[in-house]
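Heads up, the thing below is written out as structure tokens.
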Amino acid sequence: MDYRLPEGSCDCHFHIYGPFDRFPPGNEGRFTAAKPFTIEDAFAIWDKLGITRGVIVHAVGSGDDNAVTYDALRRYPDRLRAVAILRPDVSDRRLDELTDVGFKAVRVTMIRQDGKPVSTLGTSYDDLVKLAPRIADRGWHAQLWIESSDLAAAAAELEKLPLNYVIDHMSRTMADKGHDHPDFRAFTDRLKTGRYWTKISGADRNTRVGRPYADTAPFMRAIVQTAPDQVVWGSDWPHVGHSAETMPDLQDLLRLLHDCVPDEATRRKILIANPARLYNF
């Protein structure tokens, strides 16, 4: 069975790269794009799946000028919103330009896996502390690339900042940690406060057994059951960093979504209503 999403569905986490003659690729280590993946390439995939809107998460290797993402938002303002990479010295004028074109958040790198940093590129927590008052004034939130135990340790300080938070990839908790782990449960409890959101994305990153990612399903179900109003979905296309053998099939990701969210009304909320509220479509 091939899955197609309802009209108005939003892919809340994907990346674009290139064309390289206009937007040269940067070095993201194992997450470096091997070829261009343009916004038009994304649209071609969306057309097959029924997706009509999306949120570009600016790739850390594409630079803090956010140029490739800015260009896409400028050309397709009704279909797109975005998450930026920022430095603390960004000017007020540039922040206003980014806001006006549809940027809604800053992407903050705090990620460790198995106790080791996955990436040190992008906007840091220290950068966020400096930026927080200025982006809060413009209605932005912070999107955190962070694992559930590190979130548990950082939450008290994060909550002193005047921001709401979107947690990437189901808190990037590896599946063998178990969805009953106290730090994962604490993460899902935070969703109930209304100050936190999460993306039910990244199953291919969190799995220990590979596709079709059955070991990640308990985490997705726990999130949706706890706070369905604070959840959005994302594909994480084009899945940079995977080998040919581990490259996800979008149909596997959509099957997982339908298996974990069998209720159509709840799926529509996650795919349509929640993104419209979070990203102001």
Can you run down the residue pairs with Cβ atoms below 9 Å, 6 or more apart or on separate chains, where the first is in the range 168-182 and in contact (Cβ under 8 Å) with a residue 12 or more places away in the chain and under 10 Å from Trp145 (Cβ atoms) and the partner is among the aliphatic types (A, V, I, L, M) and open to solvent by 20 Å² or more (accessible area, probe 1.4 Å)? Arg172/Val118
Could we say that Asp176 is surrounded by fewer than 15 Cβ atoms within 10 Å (Cβ to Cβ) and either of a type in the set (S, T, N, Q) or at negative phi (or both) here? yes
With touching a Gly at 6+ places or on another chain (Cβ under 7 Å) and surrounded by fewer than 16 Cβ atoms within 10 Å (Cβ to Cβ) as the only criterion, which of Thr193, Thr246 stands out? Thr246
For the range 131-167, how many residues meet the condition of being among the aromatic types (Phe, Trp, Tyr) and touching a residue at least 40 places away in the same chain (Cβ under 8 Å)? 1
Return a yes/no flag: does the range 101-109 have any residue that is among the charged types (D, E, K, R) and either modelled with pLDDT under 95 or closer than 25 Å to Glu28 by Cα (or both). yes
Sole exception among (1) under 30 Å from Ala34 (Cα atoms); (2) in contact with a Ser or Thr (Cβ under 9 Å, 6 or more places away or on another chain); (3) modelled with pLDDT of 95 or more for Trp237, by number: (2)
Residue list for the range 47-77, filter: surrounded by fewer than 22 Cβ atoms within 10 Å (Cβ to Cβ), farther than 27 Å from Ser91 by Cβ and touching a Phe, Trp or Tyr at 6+ places or on another chain (Cβ under 9 Å): Leu49, Gly50, Thr52, Arg53
Which residue out of Arg4, Arg22 is out of contact with any helix residue (DSSP H, G or I) (no Cβ under 7 Å at 6 or more places or on another chain) and open to solvent by 70 Å² or more (accessible area, probe 1.4 Å)? Arg22
Can you confirm whether Gly54 is within 26 Å of His141 (Cα to Cα) and at pLDDT below 95? no
In the range 198-246, which residues are of a type in the set (A, V, I, L, M) and out of contact with any Asp or Glu (no Cβ under 8 Å at 6 or more places or on another chain)? Ile200, Ala203, Ala214, Met220, Ala222, Ile223, Val224, Ala227, Val231, Val232, Ala244
(1) modelled with pLDDT of 95 or more; (2) open to solvent by 30 Å² or more (accessible area, probe 1.4 Å): which one isn't true of Asn27, the others all being true? (1)
Name the single residue that is nearest to the chain's Cα centre (by Cα) among those in the range 78-94 being over 21 Å from Trp145 (Cβ atoms) and open to solvent by 60 Å² or more (accessible area, probe 1.4 Å). Arg79
Scan the range 201-220 and give yes if some residue there is at pLDDT 95 or above, within 23 Å of Ala155 (Cα to Cα), not in a helix (DSSP H, G or I) and not basic (Lys, Arg), otherwise no. yes
Could you count how many residues in the range 240-266 are part of a helix (DSSP H, G or I) and touching a residue at least 24 places away in the same chain (Cβ under 8 Å)? 12
Which one is farthest from Lys104 (Cα to Cα), of the residues in the range 223-239 that are in a helix (DSSP H, G or I) and open to solvent by less than 50 Å² (accessible area, probe 1.4 Å)? Thr226
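The values are calculated or read from the model by the stated rules, or taken from the named source; none is laboratory data. The structure displayed is predicted, hence computed values, not measured ones. All Cβ positions, glycine included, derive from the backbone under ideal geometry; neighbour counts span all protein chains shown. With ligands, DNA and RNA removed, areas are computed over all heavy atoms of the protein, side chains included. Shrake-Rupley method; radii C 1.70, N 1.55, O 1.52, S 1.80 Å.
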